[in-house]
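The next block holds one structure in the form of C-alpha cells; read it before the comments.
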Amino acid sequence: MLNDSSKKVKDITSMNEDFARWYTDVVKKAELVDYSIVRGCMVIRPYGYAIWENIQKELDRRFKELGHENVMMPMFIPESLLQKEKDHVEGFAPEVAWVTMGGNEKLQERLCVRPTSETLFCDHYKNVIESYRDLPKLYNQWCSVVRWEKTTRPFLRSLEFLWQEGHTMHETAEEALKETETMLEVYADFFENCLAIPVVRGRKTDKEKFAGAEATYTIEAMMHDGKALQSGTSHYFGDGFAKAFDITFTGRDNKPHFPHQTSWGMSTRVIGAIIMTHGDDNGLVLPPRIAPTQVIIVPVATHKEGVIEKAEELKARLSKDFRVKLDASNNSPGWKYAEYEMKGVPLRLEIGPRDIENNQCVLALRADGSKKIVSLDNLEAEVENALNEIHDILYNKALENRKEKTYSCNNLEEIVKTANEKNGFIKALWCGELACEEELKEKAGITSRCIPFGEEMEDGVCVCCGKKAKNLVYWGKAY
RNA sequence: CGAGGUGUGGCUCAGUUUGGUAGAGCACUACGUUCGGGACGUAGGGGCCGCAGGUUCAAAUCCUGUCACCUCGACCA
C-alpha cells in the first residue's frame with residue numbers, strides 16, 4: 001500500500017492556523033455555497049444541494065418506514081396564532097421576520113414568516129382530529145424556515161435554512177414519549193451509519209430546551225476543534241399546545257381528551273457537521289453514503305489509445321451500483337487529484353496505460369490518503385469494500401477525536417481551568433439548579449450540552465455549588 | 001447592538017500616503033503540444049475602482065454622507 005496523504009491543496013487555510021477561516025475556505029472552494037445578495041442567506045450550489053438531497057433521501061425513507069407522511073404547511077403564521085402558546089412565542093418572537101404589507105395594502109394582522117411550524121400544525125390538527133381513531137397523526141414537512149439571527153455562518157446559522165420538521169399527535173403520553181425517543185434514535189442512527197459521525201444522545205436541561213416543550217432530546221456531535229454542534233432535536237410537548245390550541249378528541253371512554261404531541265427536526269446544519277467533523281487541510285471529506293459522487297475516475301495519459309475507452313467502460317460498470325463520475329477533461333492528473341480531494345470525493349480510481357496492460361487500476365482513499373492496486377476482475381466488490389472501509393475510518397477518527405477531547409471535572413476550579421485551556425466535552429455533575437448553569441456560562445464560557453442517556457452516574461456533588469448532584473452533564477462550547 | 005477591518009475584471013490583491021491614459025497573478029475562451037500529484041506556448045475577451053454628493057483643468061486616489069460584507073464580542077435552538 002502506498003501513502004502520500006501529506007500533499008496539500010492550495011488556497012485552503014490550515015485548520016490549526018484558523019479553524020473559522022478554514023471552514024469558510026472549504027465551503028467556498030468545494031463549491032457548496034455562494035454568499036447571496038441577502039445578508040445572512042446562502043445560495044446552496046448544485047454540489048452542496050446534492051449532499052442535502054442524499055441526506056433527505058436517507059431520512060425520508062426512515063421516516064416513512066415508521067409510518068410518517070409528508071405534508072406542506074403555509075410559510076406564514078398570523079400573529080394571533082403564534083401567540084397562543086406563551087413560552088413558544090417568548091422563545092421565538094425576538095427572531096422572527098414579519099410581513100406587514102400585501103401589495104400596497106397594509107395588512108390587518110401582520111404575518112410572521114415561520115421560524116418553526118408547531119402553531120400551524122396545531123391549528124390544522126384541531127380540524128382533523130376528532131376521535132382516538134384519528135390518532136396517531138404522524139406528519140412531517142420538508143421546507144425552509146426563517147430566523148433573524150444577528151451573526152450568521154454558512155450551514156451553521158443562516159437567516160433562512162432548509163430542514164424537516166416532524167409533528168405528531170398521540171393518544172397517550174407514553175406513546176408520544178416513545179415517539180420522541182424513537183425519532184432521536186433515527187437521527188442518531190443516521191448520523192453514525194450514514195454520516196460516520198458519532199453522537200452523544202441525551203436530554204436538554206430546562207434552560208436549553210425548546211420553547212414550549214416539556215422535554216427536549218438531542219444528539220450532540222463534537223467537531224474537529226472540540227466544539228459541540230447540536231445536530232438534531234426531538235421534543236416532547238405533553239398536552240401543553242393541545243390545551244393552548246383547544247385540540248381535543250373523543251377517547252375510548254367516550255370522553256374528551258387532549259392529545260399528546262411531539263416534534264423533531266434536522267436541518268442543513270448537518271452539512272456543517274460533516275465539514276467540521278471529517279474535513280482536513282486538503283478540504284472537504286465526504287462520508288461515502290451521502291457523497292454526491294462516490295467514485296471519481298481519473299484517466300491518465302488520455303491521449304494514449306484505449307485509455308478513455310477503458311475509463312468509460314469502468315464508469316458504465318460501476319454506475320450500476322455506485323454514484324460515479326469520469327473526468328476526461330484536459331486538466332493534468334495532478335490537478336484532478338487535488339480538485340476532487342478538495343471536493344471530498346471518497347474514492348478516486350486512476351486508470352492509465354500501465355494499468356490497462358496489467359488488467360488493474362489504482363484506488364485512492366480520500367479518508368486516509370492510502371492507495372491500493374486492484375484487479376479489474378472484481379472491481380465492483382473492491383469498490384464496495386473500499387467505500388465501507390472509508391466509512392469506518394471516518395467514524396473511528398471522529399470517535400478518537402471525541403475521546404481525546406472529553407474531560408471530567410470535579411470542582412469549579414478544575415472546570416474553569418479546563419474550559420479556558422481546551423475545547424471539548426466536559427463531563428461534570430450538576431445539582432439541577434439554573435443558577436449553577438448560569439454561573440458556569442459566566443465563569444467558564446460553557447453551556448450544558450445534554451444529560452446523557454445510558455451513562456452511569458456516581459454519587460457526588462455539583463461541580464459548581466457543591467450540593468448533592470442530580471445529573472451527570474456534558475458541558476462545552478457550542479456552535 | 002459594540003469594537004476593529006475591507007470594498008478596484010469571476011477570484012486574490014497592487015495602485016490611494018504625494019490627484020495626471022486602470023494594473024498583476026489566477027480563472028475564462030480558441031488552437032496546438034502535454035498527461036502516474038495542481039503542465040506549457042500562442043492569440044483573445046472581460047472594469048461607470050460599492051453607491052451618492054462635493055473639491056479640482058483633472059478623482060480609484062482628497063472631503064462629506066451612505067450602503068454592504070468580514071472578524072471578534074454581546075445576543076441566539
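Here are the numbers:
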| item | result |
| --- | --- |
| Strands (runs of 3 or more DSSP E) wholly inside region A:143-248 that include at least 3 residues being on the phi < 0 side of the Ramachandran plot, without any contact (Cβ under 8 Å) to a residue 60 or more places away in the chain and not hydrophobic (A, V, I, L, M, F, W, C) | A:228-238 |
| Listing of strands (runs of 3 or more DSSP E) fully contained in region A:49-119 that carry 2 or more residues being modelled with pLDDT under 95 and surrounded by 18 or more Cβ atoms within 10 Å (Cβ to Cβ) | A:105-113 |
| Residue in region A:460-474 that is within 22 Å of the chain's Cα centre (by Cα) and under 27 Å from A:Ala273 (Cα atoms) present | yes |
| Unique match (being within 23 Å of the chain's Cα centre (by Cα), crowded, with 18+ Cβ neighbours inside 10 Å and more than 16 Å from RNA strand B (Cβ to nearest atom)) among A:Leu429, A:Leu412, A:Leu399, A:Leu394 | A:Leu394 |
| Of the criteria (1) within 9 Å of RNA strand B (Cβ to nearest atom); (2) farther than 26 Å from A:Glu421 by Cα; (3) surrounded by fewer than 24 Cβ atoms within 10 Å (Cβ to Cβ), which one A:Gly240 fails | (1) |
| In region A:332-370, the residues that are of a type in the set (S, T, N, Q), part of a loop (DSSP other than H, G, I, E, B) and more than 6 Å from RNA strand B (Cβ to nearest atom) | A:Asn359 |
| Sole residue being under 30 Å from A:Glu341 (Cβ atoms) and aliphatic (A, V, I, L, M), chosen from A:Ile446, A:Ile393 | A:Ile393 |
| Residue match in region A:297-319 (condition: touching a strand residue (DSSP E or B) at 6+ places or on another chain (Cβ under 6 Å), within 14 Å of RNA strand B (Cβ to nearest atom), of a type in the set (Gly, Ala, Ser) and under 26 Å from A:Leu162 (Cβ atoms)) | no |
| Selection status of A:Tyr35, within 8 Å of RNA strand B (Cβ to nearest atom), under 23 Å from the mean Cα position of the chain (by Cα) and either among the aromatic types (Phe, Trp, Tyr) or modelled with pLDDT under 80 (or both) | yes |
| Residue check, A:Ile275 under 30 Å from A:Pro198 (Cα atoms) and free of Cβ contacts under 8 Å to residues at least 60 places away in the same chain | no |
| Test: residue in region A:215-222 that is surrounded by fewer than 20 Cβ atoms within 10 Å (Cβ to Cβ) and either in contact with a strand residue (DSSP E or B) (Cβ under 8 Å, 6 or more places away or on another chain) or not charged (D, E, K, R) (or both) | yes |
| Qualifying residue in region A:417-432 (condition: among the polar types (S, T, N, Q) and in a strand (DSSP E or B)) | no |
| Residues satisfying the stated conditions in region A:415-426, i.e. surrounded by 21 or more Cβ atoms within 10 Å (Cβ to Cβ) and more than 27 Å from the chain's Cα centre (by Cα) | A:Ile415 |
| Scan of region A:188-237 for residues that are near RNA strand B (Cβ under 10 Å from one of its atoms) and among the aromatic types (Phe, Trp, Tyr), ordered by number | A:Phe210, A:Tyr217 |
| Hey, A:Ala316 under 30 Å from A:Glu130 (Cβ atoms), of a type in the set (A, V, I, L, M) and either outside any loop (DSSP other than H, G, I, E, B) or in the same structural domain as A:Asn385 (by TED's automatic domain parsing) (or both) or not | no |
| Which numbered condition A:Asp134 misses (of (1) within 16 Å of RNA strand B (Cβ to nearest atom); (2) surrounded by fewer than 18 Cβ atoms within 10 Å (Cβ to Cβ)) | (1) |
| From the options A:Ile415, A:Ile390, residue that is at pLDDT 95 or above and not assigned by TED's automatic domain parsing to the domain that holds A:Ile219 | A:Ile390 |
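Let's see how each residue does on (1) surrounded by 18 or more Cβ atoms within 10 Å (Cβ to Cβ); (2) in the same structural domain as A:Trp142 (by TED's automatic domain parsing); (3) at positive phi:
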| site | (1), (2), (3) |
| --- | --- |
| A:Pro256 | no, yes, no |
| A:Gly265 | yes, yes, no |
| A:Val285 | yes, no, no |
| A:Glu305 | no, no, no |
| A:Glu312 | no, no, no |
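The values are calculated or read from the model by the stated rules, or taken from the named source; none is laboratory data. All values derive from a computational prediction rather than experimental measurement. Note: ideal-geometry Cβ built from the backbone for every residue, glycine included; neighbour counts use all protein chains shown.
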